[in-house]
1. Taking the condition in contact with a helix residue (DSSP H, G or I) (Cβ under 8 Å, 6 or more places away or on another chain) and either closer than 19 Å to B:GLN301 by Cβ or at pLDDT 95 or above (or both), does B:LEU237 pass?
2. Which condition breaks for A:THR140 when tested against (1) of a type in the set (Val, Ile, Thr); (2) open to solvent by 10 Å² or more (accessible area, probe 1.4 Å); (3) more than 7 Å from chain B (Cβ to nearest Cβ)?
3. How many residues are of a type outside the set (A, V, I, L, M), in a helix (DSSP H, G or I), touching a residue at least 12 places away in the same chain (Cβ under 8 Å) and farther than 25 Å from A:GLY184 by Cα if we restrict to the range B:182-206?
4. With respect to A:TYR134, is the statement that it is under 15 Å from the mean Cα position of the chain (by Cα), at the interface with another protein chain (Cβ under 10 Å from one of its Cβ atoms), within 24 Å of B:GLU84 (Cα to Cα) and buried (at least 21 other Cβ atoms within 10 Å of the Cβ) true?
5. Of everything in the range A:167-181, what is under 18 Å from A:SER266 (Cα atoms), more than 7 Å from chain B (Cβ to nearest Cβ) and not in a loop (DSSP other than H, G, I, E, B)? Give them in sequence order.
6. Can you name the number of the only condition in (1) within 10 Å of chain B (Cβ to nearest Cβ); (2) buried (at least 24 other Cβ atoms within 10 Å of the Cβ) that A:GLU127 fails?
7. Just to be sure before I move on: is B:PHE153 over 30 Å from A:ALA243 (Cα atoms), open to solvent by less than 10 Å² (accessible area, probe 1.4 Å) and more than 9 Å from chain A (Cβ to nearest Cβ) in the structure I sent?
Number of protein chains: 2
Amino acid sequence: MIDRLIEKIKEKESPIVVGLDPRLSFVPEWIKEECYGEYGKTPKAAAEAFLKFNMEIIDATYDLVPAVKPQIAMYEQYGAHGIEAYIKTIEYSKKKSLIVIGDIKRGDIASTAEAYSHGHIGRVGVEEMEFEIYKEDAITINPYLGFDSIEPFLADCSRYDKGLFLLVKTSNPNSGEIQNLDIGGELLYERIGQLVSKWGKGLIGASGYNSIGAVVGATHPEEAKKLRKIMPNTYFLVPGYGAQGATAADLAGCFNKDGLGAIINSSRGIIAAHKSKEYENKFSKKDFALASREAVIKMKQDLQNVLRTFV
Amino acid sequence: MIDRLIEKIKEKESPIVVGLDPRLSFVPEWIKEECYGEYGKTPKAAAEAFLKFNMEIIDATYDLVPAVKPQIAMYEQYGAHGIEAYIKTIEYSKKKSLIVIGDIKRGDIASTAEAYSHGHIGRVGVEEMEFEIYKEDAITINPYLGFDSIEPFLADCSRYDKGLFLLVKTSNPNSGEIQNLDIGGELLYERIGQLVSKWGKGLIGASGYNSIGAVVGATHPEEAKKLRKIMPNTYFLVPGYGAQGATAADLAGCFNKDGLGAIINSSRGIIAAHKSKEYENKFSKKDFALASREAVIKMKQDLQNVLRTFV
């Protein structure tokens with residue numbers, strides 16, 4: 001997975017992942033009206049509106065970015081219809097040759113972890129038949145349960161060229177409550193960083209990077225710098241840029257000297273750009289996704305300025 | 001939630017939760033053939049087979065137990081059809097007046113945590129309409145992200161009389177790798193136990209117990225005893241009995257002197273009882289679920305013997 005991702009990052013010259021975390025308040029009225037007209041004001045209509053919204057965003061940005069990251073919670077809340085929209089969003093993204101990182105933050109043990117792995121990045125069996133269900137290229141995973149909660153995923157990563165991003169240091173204000181506990185000379189997130197490196201040892205690609213990555217919040221630049229040293233071969237999936245308050249300068253420590261090592265997520269800043277002061281009157285209602293395109297271009301320049309300072 | 005759960009535990013005289021974690025290998029051939037006949041060997045057929053299987057198990061056990069715990073991974077792996085079967089399993093369980101604990105182990109922040117909460121234990125909005133989607137009474141949650149990943153759920157717990165079980169000490173062999181790290185005079189899981197107690201302070205019911213419970217594995221009896229002291233008002237959801245190796249004696253420390261404080265999960269031991277040596281030739285193929293009934297009765301006696309020793 002990681003070599004495919006890096007190839008696309010180089011090709012698009014942008015380490016950006018578009019977070020497809022739709023909310024109804026982000027979706028333009030004309031899309032909602034179409035869906036409500038067809039299905040009423042129902043979970044099915046909401047899910048359908050998300051899918052149409054995502055397709056517009058993808059169409060307007062896919063040539064500029066290597067990857068998208070749909071957040072499954074936003075879809076899952078609408079039940080089976082939501083899951084259907086999540087899967088169709090992934091299928092559409094892959095048609096546009098985007099790498100898809102499923103932000104699912106699952107974490108469970110034994111046969112349960114296996115079920116998540118088979119469903120999301122592997123194959124599920126029904127007697128002699130095999131099915132690819134969710135088709136993500138990589139997924140986010142919570143490591144709190146230890147190695148036997150990770151191991152079932154590694155087999156599918158290796159078999160199907162997929163990847164994981166394990167939560168190490170998250171971007172939220174209370175992340176330190178547990179993750180920054182002192183475990184005797186080092187902090188918990190540092191230890192988890194070491195474990196993640198160790199667990200992924202067998203999945204280093206030709207690029208020198210590992211298909212088992214880490215989630216490291218841009219909102220904690222000092223911690224990110226430390227983790228960059230602890231896990232030099234690990235790719236960071238970095239949330240927190242933009243809406244959550246982190247600036248491009250905060251991101252510098254997430255990258256390696258080769259200009260690689262991190263992919264930066266922006267969700268609201270891109271997908272809700274048409275609602276922002278900057279773009280709200282700039283495009284017609286039908287062309288709302290062009291605001292997302294401009295937001296991506298601006299973010300790309302912002303990141304290139306950061307990378308220029310040390311590469 | 002907790003008062004409703006305790007009332008049912010007393011009424012049924014059994015602190016047992018049936019883990020509805022189906023696999024195709026557990027489902028009798030006649031159910032599978034029916035579903036394959038109708039839908040082919042497809043994810044839809046597998047999901048339908050799970051639902052029919054669950055309904056048989058529920059019919060055979062609902063008068064003996066207070067609660068069921070469907071494990072969402074087993075359903076989610078089959079995509080939207082699986083989620084549909086998960087939801088229908090919950091609806092059927094609630095018709096039989098069972099408390100439903102959704103084993104979803106989600107954990108995320110801000111608006112994402114809110115989406116999980118609204119979908120699973122709250123209401124989701126589509127304009128002025130509100131929908132109950134999953135309808136669990138309680139769900140399991142991973143606390144690694146800290147309080148701001150828990151807070152969005154507390155509002156729905158209080159508003160809709162729902163509950164959470166937060167992962168504190170899980171039952172798997174590698175759970176100690178992170179959970180037992182020494183954070184200076186105490187271990188990480190002990191600290192998380194304290195945090196869970198604190199986070200749930202506002203949700204203590206008339207029973208004196210808290211609607212914010214803890215997952216504590218029966219496979220770690222010494223740790224369970226310590227946690228029982230650290231969090232006296234917290235209900236434990238206890239996996240690990242039976243198939244994972246814990247015996248009734250290992251459970252003693254999970255209960256309080258009032259004979260309450262813990263609900264013990266058994267999945268495979270109950271739902272796959274008809275495949276075990278003990279019961280495999282005892283019932284007709286159509287009546288396979290009577291083996292589950294006998295397994296529940298046996299487990300109930302086993303637990304009553306434990307409780308008798310100290311209540």
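The values are calculated or read from the model by the stated rules, or taken from the named source; none is laboratory data. No experiment lies behind these values; they were computed from the predicted model shown. Methodologically, a virtual Cβ is constructed for each residue, glycine included, from the backbone with ideal geometry; neighbour enumeration extends over all protein chains shown. Note: accessible area is taken over every heavy atom of the protein model, side chains too, but ligands, DNA and RNA are not part of it. Shrake-Rupley method; radii C 1.70, N 1.55, O 1.52, S 1.80 Å.
1. Details: in contact with a helix residue (DSSP H, G or I) (Cβ under 8 Å, 6 or more places away or on another chain): no; either closer than 19 Å to B:GLN301 by Cβ or at pLDDT 95 or above (or both): yes.
Against the criterion (in contact with a helix residue (DSSP H, G or I) (Cβ under 8 Å, 6 or more places away or on another chain) and either closer than 19 Å to B:GLN301 by Cβ or at pLDDT 95 or above (or both)), B:LEU237 does not qualify.
2. A:THR140 satisfies all of (1) of a type in the set (Val, Ile, Thr); (2) open to solvent by 10 Å² or more (accessible area, probe 1.4 Å); (3) more than 7 Å from chain B (Cβ to nearest Cβ) except (2).
3. Initial filter on the range B:182-206 (of a type outside the set (A, V, I, L, M)): B:182, B:184-186, B:189-191, B:193-194, B:197-202, B:205.
Subset that is in a helix (DSSP H, G or I): B:189-191, B:193-194, B:197-199, B:201-202.
Then drop every residue that is not touching a residue at least 12 places away in the same chain (Cβ under 8 Å), which leaves B:189-190, B:193-194, B:197, B:199, B:202.
Then keep just the ones that are farther than 25 Å from A:GLY184 by Cα; that gives B:199, B:202.
Result for the range B:182-206: 2.
4. Numbers: under 15 Å from the mean Cα position of the chain (by Cα): yes; at the interface with another protein chain (Cβ under 10 Å from one of its Cβ atoms): yes; within 24 Å of B:GLU84 (Cα to Cα): yes; buried (at least 21 other Cβ atoms within 10 Å of the Cβ): yes.
Here the answer is yes, as A:TYR134 does meet what is asked.
5. The initial filter retains those residues of the range A:167-181 that are under 18 Å from A:SER266 (Cα atoms), namely A:167, A:169-173.
Of the ones still in play, those that are also more than 7 Å from chain B (Cβ to nearest Cβ) are A:169, A:171.
Passing the criteria: only A:LYS169.
6. Tallying (1) within 10 Å of chain B (Cβ to nearest Cβ); (2) buried (at least 24 other Cβ atoms within 10 Å of the Cβ), A:GLU127 fails exactly one: (2).
7. Numbers: over 30 Å from A:ALA243 (Cα atoms): no; open to solvent by less than 10 Å² (accessible area, probe 1.4 Å): yes; more than 9 Å from chain A (Cβ to nearest Cβ): yes.
Judged against the criteria, B:PHE153 is not a match.
Conditions (1) in contact (Cβ under 8 Å) with a residue 12 or more places away in the chain; (2) open to solvent by 30 Å² or more (accessible area, probe 1.4 Å); (3) in a loop (DSSP other than H, G, I, E, B), marked per residue:
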residue	(1), (2), (3)
B:THR219	yes, yes, yes
B:ALA224	yes, no, no
B:LYS229	no, yes, no
B:PRO232	yes, yes, yes
B:GLN244	yes, yes, yes
B:ALA252	yes, yes, no
B:LYS257	yes, yes, yes
B:ASN265	yes, no, no
